[in-house]
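Visitor: Got a structure for you, questions after.
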Amino acid sequence: METKVAILNEQKLDKNIIEEAAQVIKKGGVVVFPTETVYGLGANALDEEAVKKIFVAKGRPQDNPLIIHVGDFNISPYVKTVPTVAKEIIKRYWPGPITLILEKSELVPMMTSAKLSTVGIRMPANDIAIELIRAAGAPIAAPSANISGRPSPTDVESCIEDLNGKVDYILGGENSEVGLESTIVDCTVNPICILRPGAITVEMLRELDENVYIDPSVLTKPQEDFKPKAPGMKYRHYAPKAPVKIINGDIEKTIAKINEIVLNYIEHGKKVGVIATDETKERYNNDVVISLGSRANLSQIGKNLFKVLRSFDTMNIDVILCEGFNEQDFGTAIMNRLKKSAGFDIIEA
Ligand code: AMP
Ligand code: MG
């Protein structure tokens, strides 16, 4: 398939290009577009055949539900009811990086919700995304624009790398501002429950529902007989080619432990990649050390994480060792993605 690529200036949107991409969506095609979280791979959420193409292009298992992206606040056509707490979340955080799980209406096809009676829905805070959805005249179902299992793309180059020739259109914009996928909060249960941590944190949501909690499988390795609330929670995710190991604990001990493990690998002829931070990067005796940014700036760490994970794929690295982060505020989302990319391979320093 021929893929058209167009890069837009987010400050001065070319409406003709948006219109052209919207036509592709209207005709049942698939379009890659930027959002503030990560780049999305979109199709008309209400068109079963179009949605099927998303699963094919990504190689995504069909039991993994999609999030639908809306361009205005009127979500009533797509859901049965909107509980009060969901209304409050929408009022405070939309457009923004938080997805609500709600009971779905008949309008949303089973293909989109992966046969669940619920649907994930959010309004992205990105002008290209919003204009595209509005011009398409329908909500857009969109998972991240990567081949299933790989780190999510936060720049257009990564989308092209994964999906050129597999989608109709790639709309490029700036690099994703948040860099990690949206927070997912199940609003069909009381208290509400976080199924995926993101930039809207549990600490922030506590102001709206003091009993909100994070699903335990988000932070700890799922048991063998684990039955996830959403099928997507069971897949290994965000994985670069080389295995990832997280070294966690006191930062001085972490540095010592990583250097010890590096030495051991080098003695066995292996090439190691270390993921460090600005504060620690000079402390490693290893050829390949990449910093995620400053520990004092978790937003920056989250924004850079997937790009750094992807960067090892072209370096012939045998194993990646990464420093851990405190699981609070945005650190919870960072550690969730890291743990999944490491398949929960965590070494205590
Ligand atoms: P992504 O790969 O970023 O598109 O993530 C979509 C994820 O959202 C899925 O893997 C699920 O974990 C979650 N999700 C989407 N729809 C639902 C739903 N109806 N109920 C529960 N989780 C959902
Ligand atoms: Mg994804």
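The values are calculated or read from the model by the stated rules, or taken from the named source; none is laboratory data. What you see is a predicted model; the values in this text were computed from it and never measured. No Cβ is skipped: glycine too gets one built from the backbone with ideal geometry, and neighbour counts run over all protein chains shown. For accessibility, only protein heavy atoms count, side chains too; no ligands or nucleic acids. Shrake-Rupley method; radii C 1.70, N 1.55, O 1.52, S 1.80 Å.
Visitor: If the Cβ limit is 8 Å and pairs must be 6+ apart or interchain, which residue in segment 135-155 that is closer than 13 Å to ALA57 by Cα and open to solvent by less than 30 Å² (accessible area, probe 1.4 Å) pairs with which residue that is within 10 Å of ligand 2 (Cβ to nearest atom) and polar (S, T, N, Q)?
Guide: What qualifies is PRO143/ASN64; SER144/SER152; ALA145/SER152; ASN146/SER152.
Visitor: Quick one: count up the residues across segment 149-179 that are touching a Pro at 6+ places or on another chain (Cβ under 8 Å) and among the aliphatic types (A, V, I, L, M).
Guide: Residues that pass the stated criteria total 3.
Visitor: What number of residues within segment 47-71 satisfy the criterion of being open to solvent by 60 Å² or more (accessible area, probe 1.4 Å) and either among the aromatic types (Phe, Trp, Tyr) or modelled with pLDDT of 95 or more (or both)?
Guide: Final tally of qualifying residues: 5.
Visitor: For segment 137-153, which positions are more than 12 Å from ligand 2 (Cβ to nearest atom) and within 17 Å of the chain's Cα centre (by Cα)?
Guide: Matches in segment 137-153: ILE140, ALA141.
Visitor: Let me ask something else. As an exercise: evaluate LYS307 against (1) free of Cβ contacts under 8 Å to residues at least 60 places away in the same chain; (2) surrounded by fewer than 21 Cβ atoms within 10 Å (Cβ to Cβ); (3) in a helix (DSSP H, G or I) and give the number of the one condition it does not meet.
Guide: (1)
Visitor: Still on this structure, I have one more. Go through the residues of segment 324-346 one by one and say whether even a single one is touching a Phe, Trp or Tyr at 6+ places or on another chain (Cβ under 6 Å), under 30 Å from SER117 (Cβ atoms) and open to solvent by 20 Å² or more (accessible area, probe 1.4 Å).
Guide: yes
Visitor: Could I ask something else about it? Return the only residue of SER176, SER182 being hydroxyl-bearing (Ser, Thr, Tyr), within 19 Å of ASN64 (Cα to Cα) and under 17 Å from the mean Cα position of the chain (by Cα).
Guide: So the residue among SER176, SER182 that is hydroxyl-bearing (Ser, Thr, Tyr), within 19 Å of ASN64 (Cα to Cα) and under 17 Å from the mean Cα position of the chain (by Cα) is SER182.
Visitor: Same structure, new question: Against the definition (modelled with pLDDT of 95 or more, within 25 Å of GLU36 (Cβ to Cβ) and surrounded by fewer than 18 Cβ atoms within 10 Å (Cβ to Cβ)), how does ASN264 come out, yes or no?
Guide: no
Visitor: Would it be correct to say that SER148 is away from ligand 1 (no atom under 16 Å from the Cβ), among the hydroxyl-bearing types (Ser, Thr, Tyr) and assigned to a loop (DSSP other than H, G, I, E, B)?
Guide: no
Visitor: Here's something else I'd like to know. Any idea which of (1) over 20 Å from VAL70 (Cα atoms); (2) touching a helix residue (DSSP H, G or I) at 6+ places or on another chain (Cβ under 9 Å); (3) surrounded by fewer than 20 Cβ atoms within 10 Å (Cβ to Cβ) is the one LEU116 doesn't satisfy?
Guide: Against the list (1) over 20 Å from VAL70 (Cα atoms); (2) touching a helix residue (DSSP H, G or I) at 6+ places or on another chain (Cβ under 9 Å); (3) surrounded by fewer than 20 Cβ atoms within 10 Å (Cβ to Cβ), LEU116 comes up short only on (1).
Visitor: Any residue in segment 125-134 that is surrounded by 24 or more Cβ atoms within 10 Å (Cβ to Cβ) and away from ligand 1 (no atom under 16 Å from the Cβ)?
Guide: Checked against the condition, which is being surrounded by 24 or more Cβ atoms within 10 Å (Cβ to Cβ) and away from ligand 1 (no atom under 16 Å from the Cβ), segment 125-134 yields at least one hit.
Visitor: Further question on the same structure: Check ASN316, ASN286 and return the single one that is at positive phi and free of Cβ contacts under 8 Å to residues at least 60 places away in the same chain.
Guide: ASN316
Residue-by-condition table, conditions (1) within 25 Å of the chain's Cα centre (by Cα); (2) part of a loop (DSSP other than H, G, I, E, B); (3) more than 30 Å from GLN300 (Cα to Cα):
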{"position": "MET1", "(1), (2), (3)": "no, yes, yes"}
{"position": "GLN11", "(1), (2), (3)": "yes, yes, no"}
{"position": "GLN23", "(1), (2), (3)": "no, no, yes"}
{"position": "THR35", "(1), (2), (3)": "yes, yes, no"}
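Visitor: Please give the number of the condition VAL189 fails out of (1) within 16 Å of ligand 1 (Cβ to nearest atom); (2) open to solvent by 50 Å² or more (accessible area, probe 1.4 Å); (3) at pLDDT 95 or above; (4) under 15 Å from the mean Cα position of the chain (by Cα).
Guide: (4) is the only condition that VAL189 fails.
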